[in-house]
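Data first, discussion second: the structure below is written as structure tokens.
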Amino acid sequence: MALLEIRNLTRRFGTLEAVKDVSLFIEAGEFFTLLGPSGCGKTTILRMIAGFDAPDAGEILLDGVSLAGVPPERRPLHTVFQSYALFPHMTVAGNIAFPLEMAGKSALEIRRRVGETLALVHLEDKAASFPHELSGGQKQRVALARGLVNQPRLLLLDEPLGALDAKLRVEMQIELIALQREVGITFIFVTHSQQEALALSHRIAVMRDGRVEQCDEPDQLYTQPANRFVADFIGKINLIEVEVRSSSKVLLGLHATGLGEIAATDARPIAVGERGVFALRPELIRVFGHRESADLKNRFEGVVRELLYLGDVTLYKVELANGALIEALMPNAAPGRAKFHEVGDAVAVCWRHDAGVYLRN
Amino acid sequence: MNRPPPSPRPKGGGDYGSPPKGGSGLLAGAALGRPGGGAGRFWLWAASLATYAFLYIPLAVVVLFSFNDSLLNAEWVGFTTRWYVKLLHDDDMLRAAANSLLIALVSSSVSTVLGAMAGLAMHRYRPRWLPFLVLTPVAMPEILLGVSLLLFFRQVLDLSLGLFSILVAHITFSIGFVAVIVRARLAGMDESIFEAARDLGATPWATFRRITLPLIMPALMAGFLMAFTLSIDDFVITFFVAGVGVNTLPLQIYSMIKVAVTPEVNAISTLLMALTLTLILAASRFAPDVLKARQ
């Protein structure tokens, strides 16, 4: 049985349907992420799990028991808020002790557990500090410690890294993964950053307009997006409008207007004549000089219009015969080589026939 | 195409020429910090000084003459504290002072509790009608409040006037001030800390006791001190609802100056002034917007 089950959850605010018929399973020990642009309903779901908001339809079950009507203080789960929500009039130790005091633990146990948890987040020397004396990253750790100290079944994290600067965010991501592994508590993490979601999660539910578009493991989401939205939202991708010309077993023949035939693979039965989009990651495209021969099925001539040198890689924007721009990412792996082509060079972009994904409209 | 040159600003800084209004008392000084040219700045200072002189010279005169060794407020004779000693042996005055202190203490305590509840409710539930109900007694002319309370006590409740009616009246006009201060304090706070408390296992009551109450404590202190000063120097409303037999300090002073402004009146006024000023300064330390709330 799943630790948390969300069944046909719906929440309306006036005429706006913030959450539409969402169903999810979250397993014990999982690092689960709700990912989506702002306003997609992910925070609303989190607030309903925490008990700050009630669904209009559907239910939330913890260990198979409905949480309907259970007030927030009686749910065995804690939340880490985006603003940290530390109590400004209490010390770090006071903040962390709070959930234990509310649970009626003995003074002795509180002292021991606060000490252990402070050590867990490396803040032993800040026990007597007040929140306003801490840096953003330290506040973040206190909020995490406070959420974890009473060993909840579930920890909800609402964009907890959003207020940190880029470098600190990466450090905290690494710490979060280690922490989750160490304490073994199930995390439900809300973020709008696809990079954060990919880096942290065991599974991700991608949301848009109150619906779950796809729920899968990070690499599956990245390599096998279910639709155009997911493909576009997760990472960089080239989208080429195509029509299906032939379909036999796993081989798919696609036609792009002004470009020609694209060979692809797809295990699903697909009707000839169907229209859709061919999605291709930039790092799966190779860029050759137009005279170089490449033993790849998909080869299209073009001209380099822009290039972005990123150090380890270079992003080439190549204009194809039909005027479309295609982005290709090439590693600068050869020693002493920064880039292989210049703006204005005639080139050929190539990719393996199993490199991209055909997405139905 | 030629653009017309920007017109040069007049050197005098005419924008700032109008003197600050006298009504804002302590706050008028805020205008002084603005930049302005030579002549404009001179007039600004002159107008401000004139305003402050107008406001504070009469008060200074009262303080000065309370130490004057003469029965007449006419000329300075010499320094004395005998008027203060005389106050201490004036039974009517002492009784009025005791009444005033009792009323101020009780009414400010009660209105702090009720005002805090109103402020919390205004903040949390944002009902459209509540601010109107709570703040109307603050904005209403005192004489109107006095007359209507008198009618209410006598005609509707058939209550005999005295300490109790004064108490109720003072509570009525103090609640709004406390509510405004408490709401201002809450408005500056991160809403999610109250949710966080619930989330971490605190019942609504525990959340109030452990989180909300400590956080609004400065506002409660400020509100209490405000209510105290409002009560102790209120004249108009008290005048209507006091009835006969019970006097407060302001009423006592009024009845004395009907005969003549004696140095004793100066002395008690000076004491009252000192007390009020101390309380307001204390209150503004707890909540900086107190001075605004008092208008």
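Cα centroids of the range B:94-153 and the range A:80-128: 41 Å apart.
Taking a quarter of the surface of the Cα convex hull of the protein assembly as shown gives a mean projected area of 48.9 nm². Using Cβ point charges alone (K and R +1, D and E -1), the dipole size of the protein assembly as shown about the Cα centre works out to roughly 860 debye. Estimated from the Cβ-Cβ distance and a Förster radius of 45 angstrom, the FRET efficiency linking residue A:8 and residue A:106 is about 0.60.
Distance between the modelled labels on residue B:190 and residue B:105, one decimal in nanometres: 4.1 nm (7 Å Cα→Cβ projection). Shielding of peptide B:200-212 by partners, expressed as the average count of other chain Cβ atoms within 10 Å per residue Cβ, is 5.
A simple spin-label model places pseudo-atoms 7 Å from Cα toward Cβ; at residue A:224 and residue B:136 they are separated by 6.8 nm. If you add up the charges near residue A:149, with Lys and Arg at +1 and Asp and Glu at -1, over every other residue whose beta carbon is less than 9 angstrom from its beta carbon, what do you get? Taking every Cβ under 9 Å from that of residue A:149, the sum is +1.
Between residue A:217 and residue A:333, the FRET efficiency from the beta-carbon distance, with R0 = 35 Å, is close to 0.80. Per residue, the convex hull spanned by the Cα atoms of the range A:236-360 amounts to 102 cubic angstrom. Evaluating 6.51 cos²θ - 1.76 cosθ + 1.60 at θ = phi - 60° for every residue in the range A:197-209, the Karplus couplings come out as 4, 4, 5, 9, 8, 7, 9, 10, 9, 8, 10, 8, 6 Hz, glycine and proline recorded as x.
The range A:154-195 and the range A:25-60 have their alpha-carbon centroids 16 Å apart. Basic side chains Lys and Arg get +1 at the Cβ, acidic Asp and Glu get -1 at the Cβ, and with that the dipole of the range A:236-360 about its Cα centre reaches some 260 debye.
Segment residue A:312..residue A:133, full-extension length gain: 60.5 nm, with 0.36 nm per residue of separation and the alpha-carbon distance subtracted. Figure legend: label point modelled 7 angstrom from the Cα of residue B:74 along Cα→Cβ; residues of the range B:245-267 with amide N under 20 Å from it are B:257-267.
Taking Lys and Arg as +1 and Asp and Glu as -1, the other residues whose beta-carbon sits under 13 Å from that of residue A:237 total 0.
With contacts taken as Cα pairs under 8 Å at a separation of at least 6 residues, the range A:236-360 carries a relative contact order of 30 percent. Give me the base-10 log of I(q)/I(0) for the range A:161-241 at each q in 0.11, 0.27 Å⁻¹, Debye formula, one uniform scatterer per Cα, rounded to two decimals. Per q value, in the given order, log10 I(q)/I(0) is -0.33, -1.34. A Förster radius of 30 Å, combined with the Cβ-Cβ distance separating residue A:27 from residue A:165, puts the computed FRET efficiency at roughly 0.35. Sequence-distant contacts, meaning Cα pairs under 8 Å at least 6 residues apart, place the relative contact order of the range B:137-295 at 33 percent.
Projecting the Cα atoms of B:226, B:236, B:257 onto the charge dipole of the range B:84-294 (Cβ charges, centred on the Cα centre) puts B:226 farthest toward the positive pole.
Cα centroids of the range A:249-300 and the range B:214-288: 87 Å apart. Relative contact order of chain A: 15 percent, from C-alpha pairs under 8 Å at least 6 residues apart in sequence. Percent of Cα-Cα pairs more than 27 Å apart in the range B:84-294, please. In whole percent, the long-distance tail amounts to 38. Think of the protein assembly as shown as having a plus end and a minus end, set by charges on the Cβ of Lys, Arg, Asp and Glu; of A:107, A:65, A:51, A:51 sits farthest toward the positive end of this dipole. Put simply, the convex hull of the Cα atoms in the range A:4-229 casts, on average, a shadow of 12.7 nm². Residues B:226, B:273, ranked from the fewest to the most other C-beta atoms within 10 Å, line up as B:273, B:226.
Exposure proxy ranking for A:351, B:76, based on other Cβ atoms within 10 angstrom of each Cβ and starting from the fewest, stands as B:76, A:351. Relative to the dominant Cα principal axis of chain A, helix A:107-120 is inclined by about 20°.
Here the residues B:123, B:89, ranked from fewest to most Cβ neighbours within 10 Å of their Cβ, fall in the order B:89, B:123. Take each residue of peptide A:71-81, count the partner chain Cβ atoms within 10 Å of its Cβ, and average: the result is 5.
Throughout, read-outs are computed from the coordinates displayed, never taken from laboratory work. None of these values were measured; they are calculated from a predicted model. Glycine also receives a Cβ, built like all others from the backbone with ideal geometry; neighbour counts cover every protein chain displayed.
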